[in-house]
2 protein chains.
Amino acid sequence: MPTMAKAGKELELLKQHLAKHNLKLTRQREQILNAFLKMEHVTAEQLYHILSKKDPHIGLATIYRTLKLLCETGMAQERHFGSQTLFDNVAHKGHHDHLICTSCGKIVEFQNCQIEQLQEEVAAQNGFTIQTHKLELYGLCAKCRS
Amino acid sequence: MPTMAKAGKELELLKQHLAKHNLKLTRQREQILNAFLKMEHVTAEQLYHILSKKDPHIGLATIYRTLKLLCETGMAQERHFGSQTLFDNVAHKGHHDHLICTSCGKIVEFQNCQIEQLQEEVAAQNGFTIQTHKLELYGLCAKCRS
DNA sequence: CTTTCTGCAAAAGCTTTGCATTACA
DNA sequence: TGTAATGCAAAGCTTTTGCAGAAAG
């Protein structure tokens, strides 16, 4: 059943991280992970509202604490867009960058291997080894331009 | 005297912006612009401390208000690194991107025309017209790797 | 003179922390 | 049974806003 194996991949990753740091898997952490994995990107507040419906006593602080854990595992990545702090789901689609419309706020994800390759070259020239990167292109989408 | 002309270029840009929006050029705005132009990137708090020495009664709110203006002219660009909000001086060196060491915090600026060209292509494919962009590469610098 | 700015202080986010209690392993 | 996690509320930061007096055009 490869489907089931795939479904639990992220949970396994979290379990590994928890075990390595002597932390515990809780009902809340699992709920937060599951809700997070369904989204492309979320704010802490958004997750809080989604989860509050199922579990009215969940705390916003727990969301923040768990999102920090997910960032440590590499599944999530913190990103600032305007005044909002978004947490990107990197597990789902792999790494992706963003095109952001400055007029309507529309966000398009994209990937480009050539750019990534050039990034590696630039880093090497400066003696750096890349761990991760963020690329955001701001402009006007087709609708807003016309 | 080309030197003087060059020195006032950014001030002219600010004056234009102010005129266009029916705003006024004040002593504080000029001071903040000058201090800002001397730096590669600063936080609002840093500018506040620098300027407090000359003018003990300057307000932090004025710094924030003026930095917002500088962003609108395009001379400054807001950037989030970790928990800090930095304001980049784009006027001085033109647009540049950043290599950031996740271990020691060292920041290296760079420019790469090929990457910029590819960005344009990606944007065009998605119907976007780019206004600006941010590229940050996070990793380990030579010292921290060894 | 009229409008905009400033500094101050208060307010408003958003995120983190302290603590008693609960849940995991 | 011993740690670690949770929820709540309070504290902490950074950034914004309201307002009366000051300054610019």
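Within the range B:85-100, being away from chain A (no Cβ under 11 Å) and out of contact with any Cys (no Cβ under 8 Å at 6 or more places or on another chain) holds for B:86, B:88, B:89, B:90, B:91, B:92, B:93, B:94, B:95, B:96. On inspection, residue B:75 qualifies as away from DNA strand D (no atom under 12 Å from the Cβ) and touching a residue at least 60 places away in the same chain (Cβ under 8 Å). Note on the range A:110-143: residues that are open to solvent by less than 20 Å² (accessible area, probe 1.4 Å) and among the acidic types (Asp, Glu) amount to 1.
With respect to the conditions (1) in contact with a Gly (Cβ under 9 Å, 6 or more places away or on another chain); (2) within 11 Å of DNA strand C (Cβ to nearest atom), residue B:105 falls short on a single one, namely (2).
Under the condition of being over 13 Å from the mean Cα position of the chain (by Cα) and either open to solvent by less than 20 Å² (accessible area, probe 1.4 Å) or not assigned by TED's automatic domain parsing to the domain that holds residue A:136 (or both), which residue from the range A:82-109 is modelled with the lowest pLDDT? Per the criteria, the residue is A:82.
Within the range A:101-146, the only residue that satisfies the criterion of being of a type in the set (Val, Ile, Thr) and more than 7 Å from chain B (Cβ to nearest Cβ) is A:107. Scanning the range B:61-95 for residues that are of a type outside the set (Gly, Ala, Ser) and more than 30 Å from residue A:71 (Cβ to Cβ) yields a total of 11. For residue A:60, the conditions (1) open to solvent by 30 Å² or more (accessible area, probe 1.4 Å); (2) more than 17 Å from the chain's Cα centre (by Cα); (3) within 14 Å of another protein chain (Cβ to nearest Cβ) all hold with the exception of (3).
Comparison of A:109, A:136 shows that the only residue that is under 17 Å from residue A:83 (Cα atoms), in contact (Cβ under 8 Å) with a residue 12 or more places away in the chain and acidic (Asp, Glu) is A:136. Among the residues of the range A:58-71, is there at least one that is outside any helix (DSSP H, G or I) and either at pLDDT 95 or above or within 12 Å of DNA strand C (Cβ to nearest atom) (or both)? The answer is yes; a qualifying residue exists.
Restricting the range B:13-28 to residues that are open to solvent by less than 60 Å² (accessible area, probe 1.4 Å) and more than 9 Å from DNA strand D (Cβ to nearest atom), the residue that is farthest from the other protein chains (Cβ to nearest Cβ) is B:14.
Quick one: in the range A:2-53, of everything that is under 26 Å from residue A:108 (Cβ atoms) and in a loop (DSSP other than H, G, I, E, B), which residue is modelled with the highest pLDDT? So, considering only residues that are under 26 Å from residue A:108 (Cβ atoms) and in a loop (DSSP other than H, G, I, E, B), the one modelled with the highest pLDDT is A:43.
The values are calculated or read from the model by the stated rules, or taken from the named source; none is laboratory data. The structure presented is a predicted model; accordingly, all values stated were derived computationally and were not measured. Heads up, the Cβs are rebuilt from the backbone with ideal geometry, glycines too, and the neighbour counts pull from every protein chain shown. Only protein heavy atoms, including side chains, enter the accessible area calculation; ligands, DNA and RNA are left aside. Shrake-Rupley method; radii C 1.70, N 1.55, O 1.52, S 1.80 Å.
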